[in-house]
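Enquirer: One structure is given below, represented as structure tokens, and several questions about it will come after.
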Amino acid sequence: MSPVIGSFLGVLIRRLPAGAPVMLDRSRCETCRRPLGAAELVPIASYLMLRGRCRKCGAQIAPFHIAIELAALAVAAIAAAVLPDPTTLCCGCALGWTLLALAWIDCEAFILPDALTLPLVLAGLAATFWLEPETLTAHAAAAALGYLLFRGVSWSYRRLRGRDGLGEGDAKLMAAAGAWVGVTALSGVLLGGALLTLAVALVDAVRRGEGVRATTRLPFGPGLCAALWIVWLLAFR
């Protein structure tokens, strides 16, 4: 099941930033554009059997496809190891898979699509109603607080520096965080996301032999996504 989800996440990651239809177009070879048959769409197995190459033109299949399928499998494995029952496991996997897609898209395209962030807010409130209905009002307030907090920071940064520092997608992701974890844990998501983003930036700067400048463009979404999933898993472990 998880690799199948991973294959679908790959479609979202490739098509949402480009504004391409997600459900209405068949999967194709990225080189020769030939529509892929059913036997070529079996997650992980097809890539291995074809040895990572298109059956017709022989072009290399981007390793991205098997990487996202394996990443989705890893999300499910971690959730299964941490979460105690099927109910929280379903919620943890759904959250982890959505955050995986958002993080990947933000890394590549520096956007967090509304098509994923807005449903994630509603899903967080639905999961709260399912698991802890008495906290629903507090989580709804946390969603509003998360959004307004980031919009305020973004507005202030633009007034002070004359350029954007945080995108609106980050604010919507923080709204989703509030919906999933509530007010108390929201600061942990923010701090964890900031630390993870800074750590990755420093490692990348060292690898490239360059410093991190004030104008360096960094995707904040991946750090927030990782922190949100970790905080939620620890809350329900």
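The values are calculated or read from the model by the stated rules, or taken from the named source; none is laboratory data. As the structure is a computational prediction, the values presented were derived from the model and not from experiment. We place every Cβ from the backbone using ideal geometry, glycine too, and count neighbours over all the protein chains shown. Accessible surface areas use protein heavy atoms only, side chains included; no ligands, DNA or RNA. Shrake-Rupley method; radii C 1.70, N 1.55, O 1.52, S 1.80 Å.
Enquirer: Size of the dipole of the chain about the Cα centre, Lys and Arg at +1 and Asp and Glu at -1 on the beta carbon, nothing else charged, in debye to 20?
Expert: Details: 21 positive and 15 negative charges, 202 e Å.
Result for the chain is approximately 960 debye, rounded to the nearest 20.
Enquirer: Something else now. Whole-Hz ³J(HN,Hα) for each residue in the stretch 174-179, computed from phi via Karplus 6.51 cos²θ - 1.76 cosθ + 1.60 with θ = phi - 60°, x for glycine and proline: what do you get?
Expert: Taking θ as phi minus 60°, the curve returns 5, 4, 4, 4, x, 5 Hz for the stretch 174-179.
Enquirer: Would you grab the residues whose amide H sits under 5 Å from the one on Arg53? Only those 5+ places off in sequence or on another chain, please, with H modelled 1.01 Å from N.
Expert: When sequence neighbours closer than 5 places are left aside, the close amide H contacts are Ile61.
Enquirer: For the stretch 27-131, state which trypsin sites (Lys or Arg not before Pro) are in a DSSP loop and have at most 13 other beta carbons lying within 10 Å of their beta carbon.
Expert: Of the trypsin sites (Lys or Arg not before Pro), the ones in loops of the stretch 27-131 whose Cβ has at most 13 other Cβ atoms within 10 Å are Arg33, Arg51, Lys56.
Enquirer: Mind putting a number on the dipole of the stretch 6-67 about its Cα centre? Charges go on the C-beta only, +1 for Lys and Arg and -1 for Asp and Glu, and I need it in Debye to the nearest 20.
Expert: 220 debye
Enquirer: Once fully extended, how much extra length lies between Ala205 and Val22, figured as 0.36 nm per residue of separation less the alpha-carbon to alpha-carbon distance?
Expert: 62.4 nm
Enquirer: Still on this structure: Which whole number of Å³ per residue matches the convex hull of the alpha-carbon atoms in the chain?
Expert: For the chain, the hull spanned by Cα atoms encloses 144 Å³ per residue.
Enquirer: How high is the FRET efficiency from Leu41 to Ala109, r the C-beta distance, R0 35 Å, rounded to 0.05? Mind showing how you got there, number by number?
Expert: Values: r = 24 Å, r/R0 = 0.69.
Working from the Cβ atoms, E equals 0.90.
Enquirer: Further, regarding this structure: Please compute the contact order of the chain in relative form: average sequence separation of alpha-carbon pairs under 8 Å and at least six residues apart, divided by the residue count, as a percent.
Expert: Computed over the chain, the figure is 20 percent.
Enquirer: Any idea of the accessible area per residue across the stretch 47-109, 1.4 Å probe, to the nearest Å²?
Expert: Ligands and nucleic acids excluded, the result is 49 Å² per residue.
Enquirer: On full extension of the chain, what length is gained from Cys32 through Leu218, given 0.36 nm per residue of separation minus the C-alpha to C-alpha distance?
Expert: That works out to 63.6 nm of additional length.
Enquirer: Another question about this same structure. Could you order peptides 121-132, 4-15 by the average number of other Cβ atoms within 10 Å of their residues, highest first?
Expert: Values: 121-132: 17.6, 4-15: 20.1.
Ranked by mean Cβ neighbours within 10 Å, highest first: 4-15, 121-132.
Enquirer: Based on the alpha-carbon gyration tensor of the stretch 20-147 and its eigenvalue square roots a ≥ b ≥ c, which shape applies: rounded if a/c is under 1.5, prolate if not and a/b is larger than b/c, or oblate?
Expert: prolate
Enquirer: With θ set to phi - 60° and the Karplus curve 6.51 cos²θ - 1.76 cosθ + 1.60, what are the ³J(HN,Hα) couplings of the stretch 64-73 in order, to the nearest whole Hz, using x for Gly and Pro?
Expert: After applying 6.51 cos²θ - 1.76 cosθ + 1.60, I find 3, 5, 6, 5, 6, 5, 5, 5, 5, 5 Hz.
Enquirer: In whole Hz, what ³J(HN,Hα) sequence does the stretch 198-203 give by Karplus (6.51, -1.76, 1.60; θ = phi - 60°), x for Gly and Pro?
Expert: 5, 4, 5, 5, 5, 4
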